[in-house]
Amino acid sequence: MGFMATAESYLIAIGTKKGLWLAKSPDRKEWSLSGPYFLMSEIPSIGIDTREGKTRIMVGVRSEHWGPTVAHSDDLGVSWTEPEQGAIKFPDGSDAALERVWQIYPDSESRPGVVWAGCEPISVWKSTDGGEHFELNRGLWDHPHRNEWGAGYGGAAAHSIVVDPSGKKVHVAMSTGGVYRSLDGGASWEPRNKGISAYFMPDPNPEFGQCVHKIAADAAVEDRLYAQNHHGVYRTDDGGENWDSIADGLPADFGFVMLTHPRREGTAWVVPLKADGERIPPDSKLSVHRTDDAGGTWKELHTGLPDHEYNAVLRDAASVDTAEPAGVYFGTRGGSVYASADEGETFTEVASHLPDVLCVRGAVVFGNTAGAGNPLAAAEATLVAETEQFVEAAAQTRDPGTEDQTPVPG
């Protein structure tokens, strides 16, 4: 269950339709799984903030009873905190209520404490206190296009937020609405979708209205971004002014995932799906595809993945870490989670039979807040102790006269 303490450890946070699980490893070879946390609540978004030598896990929690909010843990899941009035709340008079938190995005090292959130209804929010309280971005919320944005198959989502190193240039992608760009830190926004197809609309090349599934920035080339569209994989080298197809060489141009390397130029990963009504891996063979030349060519990565898989990988159910080499992680709607410590060349299954996986985040974490020992081991020990207490309490309240009775299905 536990493992030896090291200078750094590895964490995968797994958000599902019925709670959160945490997988931990000292070496990205052997993983231990703990959870569930927030059982029976949907976890559609996770952000892991490792700035300033600390680790904060933030999760978008959506309870059918209590509604949506953002909770955070500073001790790797041992305890969780959420503001009494909710982390994200629409201002009075806005005639809107939060439905779901789709994205949690910690900003750069140079802006500690700044965390962005993308939500449903389509909106962007900004926190300056590490994700504890968020303020609505009025520039996007008051945009004249907002009433014409629609809902994708999963809902109306502001699901991608990319902030450049200066903090002035911000890109947001939404389903449906397309890509919008701000050059003033979020004060004003303009659509930037030229070249991205919207074949399902009367005008297949509109100014906005595209169903962009995910965008990600190249870590080493300024103004280069990649997009996975509802049919179409694209790249821009001018900050979204023009998008060009890079789908040649892929078995399908549909999918949800778009990941980029944390350091290296031109490296990105996608998980193709056969569209449109089937949404399964092509030929039912689950593979990740990687480009190392900005979409000029693609390499299929399948070692360790199943030859027969009929479940999709959703847009935020995939992640990369910052290790060397970079780790690649993803989960399926069938509840399997896979990890690669070599940039996708080989995968191992970390978890199986979980609920529908909605969000996966991998990170390198350092021992800092959970006591003198390894923080992940401390979190695991606490969970085990709590479970033992629960079992003991249940045993004390059990009716001894029912020990031999067969349970009746409810």
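The values are calculated or read from the model by the stated rules, or taken from the named source; none is laboratory data. These numbers were taken from a predicted model, which means no experiment stands behind them. So basically every Cβ, Gly included, is an ideal-geometry build from the backbone, and we count neighbours across all protein chains shown.
Just a few scattered comments:
- Scanning the stretch 287-299 for residues that are surrounded by fewer than 17 Cβ atoms within 10 Å (Cβ to Cβ) and either touching a residue at least 40 places away in the same chain (Cβ under 8 Å) or touching a strand residue (DSSP E or B) at 6+ places or on another chain (Cβ under 8 Å) (or both) gives 292, 296, 297, 299.
- All conditions in (1) farther than 15 Å from residue 46 by Cα; (2) over 17 Å from the mean Cα position of the chain (by Cα) hold for residue 124, with the sole exception of (2).
- Within the stretch 218-229, tally of residues that are within 19 Å of residue 201 (Cβ to Cβ) and touching a residue at least 60 places away in the same chain (Cβ under 8 Å): 1
- For the condition out of contact with any Cys (no Cβ under 6 Å at 6 or more places or on another chain), surrounded by fewer than 18 Cβ atoms within 10 Å (Cβ to Cβ) and not in a loop (DSSP other than H, G, I, E, B), residue 283 qualifies.
- Those strands (runs of 3 or more DSSP E) of the stretch 31-83 in which at least 2 residues are more than 27 Å from residue 347 (Cα to Cα), considering only elements entirely within it, cover 56-63, 67-73.
- Residues (part of a loop (DSSP other than H, G, I, E, B), over 19 Å from the mean Cα position of the chain (by Cα) and surrounded by 15 or more Cβ atoms within 10 Å (Cβ to Cβ)) located in the stretch 243-263: 243, 246, 247, 250, 251, 252, 253
- Set 296, 277, 266: member being modelled with pLDDT under 95 and more than 21 Å from residue 159 (Cα to Cα): 277
Rundown of residues vs (1) free of Cβ contacts under 8 Å to residues at least 12 places away in the same chain; (2) surrounded by 14 or more Cβ atoms within 10 Å (Cβ to Cβ); (3) over 16 Å from residue 234 (Cα atoms); (4) within 23 Å of the chain's Cα centre (by Cα), yes/no style:
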residue: 157; (1), (2), (3), (4): no, yes, yes, yes
residue: 163; (1), (2), (3), (4): no, yes, yes, yes
residue: 180; (1), (2), (3), (4): no, yes, no, yes
residue: 184; (1), (2), (3), (4): no, no, yes, no
residue: 198; (1), (2), (3), (4): no, yes, no, no
residue: 216; (1), (2), (3), (4): no, yes, no, yes
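- Among (1) of a type outside the set (Val, Ile, Thr); (2) touching a residue at least 40 places away in the same chain (Cβ under 8 Å); (3) in contact with an Asp or Glu (Cβ under 7 Å, 6 or more places away or on another chain) - the single one residue 60 does not satisfy: (3)
- Of all residues in the stretch 64-76, those being at pLDDT below 95 and of a type in the set (Gly, Ala, Ser) number 1.
- Filtering the stretch 299-316 to residues that are of a type in the set (Asp, Glu) and under 30 Å from residue 156 (Cβ atoms) leaves 309, 316.
So that you can scan it fast, the table gives a plain yes or no per residue for (1) out of contact with any strand residue (DSSP E or B) (no Cβ under 7 Å at 6 or more places or on another chain); (2) closer than 19 Å to residue 104 by Cβ; (3) in a loop (DSSP other than H, G, I, E, B):
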position	(1), (2), (3)
305	no, no, yes
309	yes, no, yes
314	no, yes, yes
323	no, no, yes
326	no, no, yes
329	no, yes, no
335	no, no, yes
339	no, no, no
344	no, no, yes
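- All positions within the stretch 78-125 that are exposed (fewer than 13 other Cβ atoms within 10 Å of the Cβ), under 17 Å from residue 161 (Cβ atoms) and either free of Cβ contacts under 8 Å to residues at least 40 places away in the same chain or not charged (D, E, K, R) (or both): 110
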